[in-house]
Each structure stands twice: as structure tokens, then as C-alpha cells.
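Working notes for the structure below.
The values are calculated or read from the model by the stated rules, or taken from the named source; none is laboratory data. These numbers were taken from a predicted model, which means no experiment stands behind them. Positions of Cβ are backbone-derived with ideal geometry, glycine not excepted, and every protein chain shown enters the neighbour counts.
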Amino acid sequence: AAIASTLGDGYVLVGSHRLAAMHLALFAAAELVPRVWGVDAAQVATGVANTLGNKGGVGVSLMVGRTSLCFVSCHFTAHQGAVHRRNLDFTRIDESLDLWPPEGPARARGGRAGKSSVSARFDRVFWLGDFNYRVNGNRAIVDKLLAPKEEAEAREAGWASAEECARESLRVLARNDQLGLQMRGGFAFRGFLEGELGFRPTYKFDSKQKDAYDRSEKARIPAWTDRVLFRSRRAQPRDIELHYYASIDELNTSDHRPVLADLSVRYVYDALDEPPESVAEPAVANGSGNKPPHLRRGYSRGGGACVLNDPLPEKAESSGSTTCVIS
């Protein structure tokens with residue numbers, strides 16, 4: 001309700017799904033609604049015995065014109081050394097999430113044979129959430145890299161400015177980011193892209209001193225646990241364009257900082273191919289294990305939030321914008 005109130009009457013909730021504390025919702029601009037249909041939702045638990053929903057993923061899929069989109073919000077296994085388990089969480093969700101492009105125009109059809117991964121079934125795919133991948137290193141080194149430098153200190157060390165020094169420090173940390181290493185090695189999120197990690201690690205902030213990293217006896221290493229990844233099946237450069245990727249430091253009510261990604265998404269639309277008749281209510285499910293009612297047309301928002309926005313151009317191939325927020 002708070003999100004809908006913030007967005008105002010110009011956006012409509014088109015799909016929502018929940019598994020325990022994970023909640024994915026999709027909002028679409030009112031002008032885009034006539035081109036949105038085939039909304040569906042599903043969930044996969046990866047907690048204890050692959051049963052508990054404290055870890056896992058929720059997904060919402062839909063069609064925009066003739067282009068299929070899927071959004072997956074997830075929470076992977078925690079702890080510094082659990083890289084392999086996080087890879088397994090991704091694989092289980094990717095292979096088990098029961099979402100498929102609906103029957104429709106030939107270009108949008110996705111048969112169930114030979115498509116074992118939800119990421120391979122849809123034209124545009126977005127994964128977002130608390131992936132829990134950490135930074136390899138020790139706390140002292142990471143703290144030193146993240147410590148702000150005075151201009152004089154930075155120049156004395158050979159940097160053009162303190163800002164340049166800070167940017168390079170983040171690049172050093174990013175080269176030791178577990179998710180990046182797994183992606184480059186082909187162990188998880190094969191074929192996915194992400195923006196540059198040009199913002200400070202989003203985890204773990206101290207419960208008492210909100211702008212400081214974990215000061216408890218565990219002294220967890222700061223890391224980019226919260227991410228937004230995307231993939232286009234055609235792998236064309238303009239299918240998905242990232243305009244902005246950052247954390248929101250002002251929202252400090254959690255030990256994580258929310259992450260925001262603003263993207264443009266190209267879709268195919270033919271005015272002669274009207275979607276099936278709409279259904280009045282959006283797809284909403286609570287992750288109880290029952291498959292939500294299948295809508296032949298609907299609307300959606302995600303992770304913390306995904307917003308679909310478009311001015312309804314008349315071209316056969318158009319671009320709309322998607323904003324994903326993890327909170």
C-alpha cells in the first residue's frame with residue numbers, strides 16, 4: 001500500500017508473490033497496461049531440506065506485447081565461506097521455478113521441452129535480491145580500502161584526487177567479489193550482466209552506528225550482497241540498457257542498504273496482435289505452495305520493487321523503462 005501510494009495513480013500493481021519474508025511486486029504505468037498480459041507467479045524454497053522459505057526465490061513473469069519478461073527475487077545462503085551453497089541455491093531456483101511464457105503469438109511461445117532453466121525461457125530476465133555473495137579478503141584490508149582519504153593524502157599516494165582513489169579502491173574490492181568470480185568462472189548466472197559496482201558495499205552495517213560497518217565481535221567483512229542482474233535471450237546490446245545502478249545510503253533502517261537499478265527494456269509489439277482479454281484482478285500469491293490463479297493479462301512490481309514504464313510508442317519494436325529496487 002505504501003509503494004502504491006508513493007507511485008500514485010499513474011501505476012498499477014500487476015503481479016505480486018511472497019515466500020516467507022521475500023516479497024516481489026510489479027507495477028506498470030497505466031499507459032503500458034494495454035500491452036501487458038499473461039501474468040504468472042511461482043516460488044522455490046531453498047531453506048532447510050529445501051523446505052523452509054527463509055531462503056529461496058519468488059518469480060513473476062508477464063508478456064509486454066510479444067516479448068516475455070521474468071523477474072526473480074531471491075535470498076541465498078549466508079556466511080562468508082558458503083559460495084558453493086549459494087551457487088546451488090541459484091541452480092535450484094533457476095531449474096525449479098515453474099514459470100513459462102504463455103500461449104500466444106508464435107514469437108512469444110515457449111515450449112516446455114528443452115528449456116530446463118527459467119532464465120532460458122524468457123526474452124528478458126531480471127534477478128534481484130540478497131544473493132549473499134561476499135568479498136574475499138580480511139576485515140582489516142577491506143576497512144583500509146574503504147577508509148575515506150583526504151585530498152592531500154590521496155595526492156601524496158600518487159592519485160589525482162581522493163575521488164579517484166576511492167573509485168580504484170572499490171574496483172580492487174570488486175575484483176575480489178565472490179559473485180563476480182563465480183560469474184566469470186561460469187558457475188552461476190551464466191550470460192547475465194550487471195552494472196559496475198561503483199557504490200560502497202551494502203552489507204553489513206552496524207545496528208547501533210548506522211553509517212559504520214559491523215562492529216560486533218563477528219566483524220563481518222563488508223560486501224555487495226544485494227544485486228540486480230539482467231539477461232536478454234538475443235544478447236543484443238540495446239535489448240536491455242542500464243542507466244543507473246547505485247545503493248540508497250539514506251535508507252538506513254536495516255543492516256543492508258537498498259540497491260536501485262534503472263534500465264530500458266526493448267520489446268516487440270504489433271498493434272494488429274491484441275493480447276487476450278484482460279482479467280480485472282492482478283495475480284497475487286502468498287507462497288503457501290498453491291499456484292496462484294493464472295492471468296491471461298495483468299500487471300507487475302518487484303524485489304523490493306520493479307516498475308514498468310513506457311509512453312506507448314507506435315513502433316513495432318519499442319523500449320520501456322524498468323526500475324528495480326531491493327529493500
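So how many residues does segment 201-233 have that are part of a strand (DSSP E or B) and either polar (S, T, N, Q) or over 30 Å from residue 118 (Cβ atoms) (or both)?
3
Here is a yes/no grid of residues against (1) surrounded by 12 or more Cβ atoms within 10 Å (Cβ to Cβ); (2) of a type in the set (D, E, K, R):
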{"residue": "134", "(1), (2)": "yes, yes"}
{"residue": "147", "(1), (2)": "no, no"}
{"residue": "170", "(1), (2)": "yes, no"}
{"residue": "183", "(1), (2)": "yes, no"}
{"residue": "208", "(1), (2)": "no, yes"}
{"residue": "211", "(1), (2)": "no, yes"}
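If you check residue 149 against the conditions, is it in contact with a Cys (Cβ under 9 Å, 6 or more places away or on another chain) and either part of a loop (DSSP other than H, G, I, E, B) or hydroxyl-bearing (Ser, Thr, Tyr) (or both)?
Criteria met by residue 149.
Quick check on segment 235-293: of everything there that is hydroxyl-bearing (Ser, Thr, Tyr) and modelled with pLDDT of 90 or more, which residue is nearest to residue 35 (Cα to Cα)?
Per the stated criteria, the residue is 267.
Are any residues in segment 38-63 at negative phi and out of contact with any Leu (no Cβ under 7 Å at 6 or more places or on another chain), and if so, which ones?
41, 46, 47, 48, 51, 52, 54, 55, 63
So how many residues does segment 97-116 have that are at pLDDT 95 or above and closer than 22 Å to residue 187 by Cβ?
Going through segment 97-116 one residue at a time, the tally reaches 1.
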